[in-house]
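The values are calculated or read from the model by the stated rules, or taken from the named source; none is laboratory data. In this text, all values refer to a predicted model and were calculated from it rather than measured experimentally. Using ideal geometry, Cβ is built from the backbone for each residue, glycine included, and neighbour counts are taken over all protein chains shown.
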Amino acid sequence: MQEHETFAVKARTILPLADERPARGSQLFARLKGIDNAVLLIHAGKVVALGKARDVSLPNDCPLTDLGPVCVIPGTINAHCHLDLSYLESKTCWGQGFTPWLQSLIPLLPRGQVEQKTLEDAVRRACQGLADCGTAHLGNIAGSADHLLALTDQQAEKEGLGISHFCECFGFTESEMAADNPWPPFVRRDLQEQPNLATHSALAGHALYSTSAHKLVQAKKFCRKHSRIFSIHLAESPEETEMLTQGRGRLFEIFRQSVLPTNWLAPGKRPLAYACALDLMDAETLAVHGVQLDRQEAQVMAALGASLCLCPRSNHHLNVGAIEVKTLIAENLLLCLGTDGLTSNTDLDVCQEAVFLHEQQGIPGEALIRMLTVNAARALKLGKYVGRLVPGSPGRFCILPQSLRF
Ligand SMILES: [Zn+2]
């Protein structure tokens, strides 16, 4: 997209979602109002007008592309992804559970041995793919290598993608988290050299089993103080529950060898109960996965106002189980969707998560469209323009997959 480019598209139906608010429970199924025979006018990367074709006046020489009998929705929001890990596409073990996947991933992680160009090329391709499938915004987990924060940010900007970075705290070395500068060491230089990165960066916890309680609590406190969303992988695998409740199992064995301090004690709580005990869960927390949550835990999360990002294809590929999404909806949880990274997914098209949930669990298109847009905008705290098509919104739109039409 050229910076000052002006263009228009025409479609049989456009769903602007202009008046839609984040939706829970039965609100997710309410009818969505569309504009038939509609035109969307975009200038300099922003929506400037939208309406019935006869009502939108186009500037002279403005190119108009007729997309045909399709339904256009706002550019989608992929609420959880790991751009850093894009270079590991197709290199990890799938189908045998979480721990074998992690065991295949860990030896590939020391990025000091990976050429910068390999990383850059993979991030560039991933961002192009995100733009091509109509993504407007991305919740990106910034992993553990120097300069990847700036690199991913730059590539996202180049592709016209909005991006929220979650700089991930990991491990039990508490001395590396300074009280006056809690950012993980691998992002500090980028943040110092490019202070504007901090405006759309927050802290995240990797997971309850991999990161010390002190780091998680400090990260959440920092996010609260600076009004940022805090994110954490939560209740992803049965091994996580086993490790936290009983201090044993395959996942525990891996972490005992390399990450856990010798005096580590299992908290003796299920993941959500432990997260609540650490005061990590509130309306500005985005938990990711939640596959192992039971109905009562979904109720607790909903009451706390926390959001949950579902990554159903990643869960399917790793074979960690599948959550009954209708139960989460019935308990009024705020839901959005993410692809997770290319280490556990075939692509970063978040629409395909929606298609998967429609096909596997019969979740209707209206609910999934809201999860892809207005709900994710709320979960990432993106304001009133992203996830909608109104003047001022990002000039990014998505053609709704055929199977999600209603
Ligand atoms: Zn993830």
Count, please, the residues in segment 65-118 that happen to be more than 22 Å from Ser164 (Cα to Cα) and small (Gly, Ala, Ser). 6
Could you identify the single residue in Asp146, Asp121, Asp153 that is in the same structural domain as Pro184 (by TED's automatic domain parsing), part of a helix (DSSP H, G or I), under 22 Å from Glu193 (Cα atoms) and among the acidic types (Asp, Glu)? Asp153
Residues that are away from the ligand (no atom under 16 Å from the Cβ), in a helix (DSSP H, G or I) and farther than 17 Å from Leu216 by Cβ: does segment 257-267 have at least one? yes
Quick one: is Asp282 surrounded by fewer than 19 Cβ atoms within 10 Å (Cβ to Cβ), farther than 21 Å from Leu208 by Cα and either within 16 Å of the ligand (Cβ to nearest atom) or under 18 Å from the mean Cα position of the chain (by Cα) (or both)? no
Please identify the pairs in which a residue from segment 24-40 that is over 18 Å from Leu372 (Cβ atoms) has its Cβ atom under 6 Å from the Cβ atom of a residue that is of a type outside the set (D, E, K, R) and part of a loop (DSSP other than H, G, I, E, B), counting only partners at least 6 apart or on another chain. Val39/Val56
Residue match in segment 64-82 (condition: more than 16 Å from Phe397 (Cβ to Cβ) and either modelled with pLDDT under 95 or surrounded by fewer than 22 Cβ atoms within 10 Å (Cβ to Cβ) (or both)): no
Taking Ile77 and the conditions (1) farther than 19 Å from Ser344 by Cα; (2) assigned to a strand (DSSP E or B), which numbered condition does it fall short on, given that it satisfies the others? (1)
Report yes if some residue within segment 261-274 is closer than 21 Å to Gln103 by Cβ, surrounded by 19 or more Cβ atoms within 10 Å (Cβ to Cβ) and modelled with pLDDT of 95 or more; otherwise report no. yes
Which members of segment 1-55 meet the condition of being over 27 Å from the mean Cα position of the chain (by Cα) and modelled with pLDDT under 95? His4, Glu5
Looking at Asn181, Asn196, which one is modelled with pLDDT under 95 and either in contact with a Leu (Cβ under 9 Å, 6 or more places away or on another chain) or surrounded by fewer than 18 Cβ atoms within 10 Å (Cβ to Cβ) (or both)? Asn181
Go through (1) of a type outside the set (Gly, Ala, Ser); (2) under 30 Å from Lys10 (Cα atoms); (3) within 15 Å of the ligand (Cβ to nearest atom) for Asn140 and report which single condition fails. (2)
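Conditions tested, residue by residue: (1) touching a Gly at 6+ places or on another chain (Cβ under 8 Å); (2) crowded, with 24+ Cβ neighbours inside 10 Å.
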| site | (1), (2) |
| --- | --- |
| Gln299 | no, no |
| Ala306 | no, yes |
| Leu310 | yes, yes |
| His317 | yes, no |
| Ala322 | no, no |
| Thr327 | no, no |
| Ala330 | yes, no |
| Cys336 | no, yes |
| Thr343 | no, yes |
Residues in segment 322-369 that are more than 16 Å from the ligand (Cβ to nearest atom) and over 20 Å from Asn140 (Cα atoms): how many? 26
I need the helices (runs of 4 or more DSSP H) fully contained in segment 289-406, keeping only those with at least 1 residues that are under 18 Å from Ser26 (Cα atoms) and charged (D, E, K, R). 295-304, 325-330, 365-372, 374-379
